[in-house]
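Heads up, the thing below is written out as structure tokens.
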Amino acid sequence: MSNESVTTTGRRYARPDQVAKYLGVHVSTIYRWSQECADFPKRRKIGPSASAYDLNEIDAWVDSLQES
């Protein structure tokens, strides 16, 4: 994903539309999962008017689903 933001701590952040593309789903699915799935990663504030998901947490969430 070329538009993701990588921090010096190795965290990868992506906006909801980027997460949707990363997972191959529609952005409305990301919003639904964030409301309905208690274990779906929470968005983090990355600026005064911007929030994003940590892709490392998204990857861990996907891995946990595959283990179930």
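Counting neighbouring Cβ atoms within 10 Å and putting the fewest first, the residues TYR22, TYR13, TYR31 line up as TYR31, TYR22, TYR13.
If the chain linking VAL25 and SER49 were pulled fully straight, counting 0.36 nm for each residue of separation and taking away their Cα-Cα distance, it would gain 6.2 nm. Whose amide H sits under 5 Å from the amide H of ARG44, counting only residues 5 or more places off or on another chain, with H placed in the peptide plane? So ARG44 has HN proximity to ALA52, TYR53, ASP54. To the nearest ten degrees, helix 27-36 and the longest principal axis of the Cα atoms of the chain are 70 degrees apart.
Bear in mind these aren't lab numbers, they're just calculated from the coordinates by the rules spelled out. Keep in mind that this is a model prediction, so the values were computed, not measured. FYI the Cβ positions are ideal-geometry reconstructions off the backbone, even for glycines, and counts take in every protein chain you see.
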